[in-house]
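The values are calculated or read from the model by the stated rules, or taken from the named source; none is laboratory data. On a predicted model such as this, the values are computed, not experimentally measured, just so you know. Virtual Cβ from ideal backbone geometry, glycine too; neighbours counted across all protein chains shown. Heads up: the accessible areas ignore ligands, DNA and RNA and are worked out on the full protein's heavy atoms, side chains in. Shrake-Rupley method; radii C 1.70, N 1.55, O 1.52, S 1.80 Å.
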Amino acid sequence: MKLRLYIIILFSCFCINAGAVTLNEAKALVTAGDYTRAVVAFRSLIQQPRYANNAEINKFYGQCLCMTGEYAESVKYLEKGAKGGKIGAYWYLGISRQHLYDFEGAIESLEKYKAGLSKNSTWIPRTDSIISECEIGLRAVGHVQDVVIIDSLMVPQNNFFSYYKLGFESGKMISPEECGGVVAERSDSSAVVFETLAGDYRLLTLDDKENGTSNLYASSFFEGRWTEPEKIESIGGESCRVAYPFMRTDGETLYFACDSTPGMGGLDIYVTTFNAEADAFYAPSRLSMPFNSPYNDYMMAIDETNHVGWWATDRGAKPGFVCIYLFKIDDEPSFLEGDNVSRARIDCIADTWREDNYDELLEQIKNPVDPHAVAAAKLFIPIRDNIVYESADDFKNEKARRAYDNYCHAKENLTIAKTDLQQLREDYRNANASVRSMLRPQILQKEIQVNNLHEQIARLAKEYRNLEK
């Protein structure tokens, strides 16, 4: 029995030693960028008494934790490494503190890292860039928007936009593969193409493979096909990545994501509006926290039907996933006073609520009612305050019935006229000066037609009600 126990213990020790990772092997994993395995390797090393207080081991372990997104856990090991004279620990300590929203601590760590570099080090500009991000973050936590976040959902990054539930009039989002042609060839696989409700205008991003950047383009549906994408020069720049565009139903307000510097870190969400006189967009504004963060934030989309918005972020998400937040739109945004790190980080969405729950609104969003189907299934024809017809056959007065038919016909004409007017305005926006001079009188004439139809509809509604009475 004793012999058998001895053999088991001996075999176990052999397996442990055979599976143990040496310091050089662990360092090799870091050199190869295999931080996931390196975390496991250095965790086993640092548990050994001879390595527990070793500055180099603590620096490497903290570095690996930082690179795998374990920012909170990395801090104590990086602090040990920094105290032990490992200057590189300050860099990763700054990055970890930035992502924990400790912007003052991050700036202090990065300044110490910078002080230890040679004057000609290529890391100085990079360090200054991160310090600028932290300075922006430090100001942003004192100006956090008081937004109600209704729900959050962790989803795979691939086709994440399919989880957005937008009202029908808000347009739709499709993948580059669905567009085909140059869009599919020159767009990142995770890119999103926005298409308006009318199905005649698209916003998309195309990659510049040589520079590693991407820019915003527009395409229109003309004479049965989509035009070649045309670059929107007033958005983006030569050294940044622009992606995830979304246009509100006003046809002027544009959201997009961009990694331009200085920013908060990664992709930030921006908003701008179209200046018709200059035929260009105004200078974009970066959204405040909590919409933006030291992480990647993107794909802001607005649902005008339910007065809610959506955006995606990789904060708190494991690799290959993103977190989608659903929030209520305020007519006039308000901002919290003082530093609000918890609200900026979105530690708990219930802390943002102004009601006990939003179950009814969530149900309405997740199970939308098609207004066209409702209208087709049942008519509501008001006659008096307490009398409503559900069918045109309910009319008793023939003249009233004819007036109602004319009223319906006028409403159909109004829908067509509005669509035509929208197309003319889109054409005007994309046209040169000579074509615009030709379009102006057409737009004016169409606007007059729309106004006349509104007046005609109001008159006919009054006429059929009076005749039926």
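The slack in the chain from LYS27 to VAL148, taken as 0.36 nm per residue of separation less the alpha-carbon distance, amounts to 39.0 nm. Hull volume per residue, based on the alpha-carbon atoms of the chain and their convex hull, is 247 Å³. With the highest mean first, a sort of the peptides 340-353, 273-286 on other beta-carbon atoms found within 10 angstrom per residue produces 340-353, 273-286. Less than 13 Å Cβ to Cβ from ILE87, Lys/Arg counted +1 and Asp/Glu -1: what total charge do the surrounding residues give? Charge balance near ILE87 sits at +3. Per-residue 3J(HN,Hα) values for the stretch 173-185, derived from phi via the Karplus relation 6.51 cos²θ - 1.76 cosθ + 1.60 with θ = phi - 60°, read 10, 10, 8, x, 4, 5, 7, x, x, 5, 5, 5, 6 Hz in sequence order (x marks Gly and Pro).
Starting from the Kirkwood radius over alpha-carbon pairs of the stretch 203-316, derive D by Stokes-Einstein at 37 °C in a medium of 0.692 mPa s and give it in µm² s⁻¹. Could the numbers behind the result be given before it?
Working: Rh = 14.9 Å.
Answer from the Stokes-Einstein relation: 221 µm²/s.
Gain on full extension, evaluated as 0.36 nm per residue between GLU332 and ALA278 minus their Cα-Cα distance, stands at 16.7 nm.
Within the shell defined by Cβ-Cβ distances under 12 Å, the residues around THR68 carry a net charge of 0, with Lys and Arg each +1 and Asp and Glu each -1. Which shape class applies to the stretch 71-140: rounded if a/c is under 1.5, otherwise prolate when a/b exceeds b/c and oblate if not, where a ≥ b ≥ c are the square roots of the Cα gyration tensor eigenvalues? The shape class here is oblate. Rounded to the nearest 20 debye, the dipole magnitude of the chain is 1600 debye, with +1 charges on Lys and Arg beta carbons, -1 on Asp and Glu beta carbons, and the Cα centre as origin. Taking the longest Cα principal axis of the chain as reference, the axis of helix 71-83 is set at about 40 degrees.
When a/c reaches 1.5 or more, the comparison of a/b and b/c decides; with that in mind, is the stretch 163-219 rounded, prolate or oblate per its Cα gyration tensor? Prolate, since a/c reaches 1.5 and a/b exceeds b/c. Remark: the stretch 217-230, residue by residue, has Karplus-estimated 3J(HN,Hα) of 10, 10, 9, 10, 8, 9, 6, x, 8, 7, 6, 4, x, 10 Hz, where x stands for each Gly or Pro and the curve is 6.51 cos²θ - 1.76 cosθ + 1.60 at θ = phi - 60°.
The amide H of ASP297, built 1.01 Å from its N in the peptide plane, has LEU267, ASP268 as neighbours under 5 Å, considering only residues 5 or more places off or on other chains. Against the chain, whose longest principal axis comes from its Cα atoms, helix 398-430 is set at around 50 degrees.
Sorted from longest to shortest, the spans of the Cα atoms of the stretch 276-434 along the three principal axes equal 68, 55, 35 Å. Phi-derived couplings, Karplus 6.51 cos²θ - 1.76 cosθ + 1.60 at θ = phi - 60°, listed residue by residue for the stretch 125-140: x, 5, 5, 4, 5, 5, 4, 4, 4, 5, 5, 5, x, 4, 6, 5 Hz, with x used for Gly and Pro.
Share of the chain's accessible area from carbon and sulfur, percent, 1.4 Å? Kindly include the intermediate steps, with their values, before the conclusion.
Numbers: 13040 of 25750 Å².
The nonpolar share, carbon plus sulfur, comes to 51 percent.
Using the Cβ of ALA106 as centre and a radius below 12 Å, the other residues enclosed give a net charge of -4, where K and R count +1 and D and E count -1.
For the peptides 203-215, 44-56, residues were scored by their other Cβ atoms within 10 Å and the scores averaged per peptide; the highest-first order is 203-215, 44-56.
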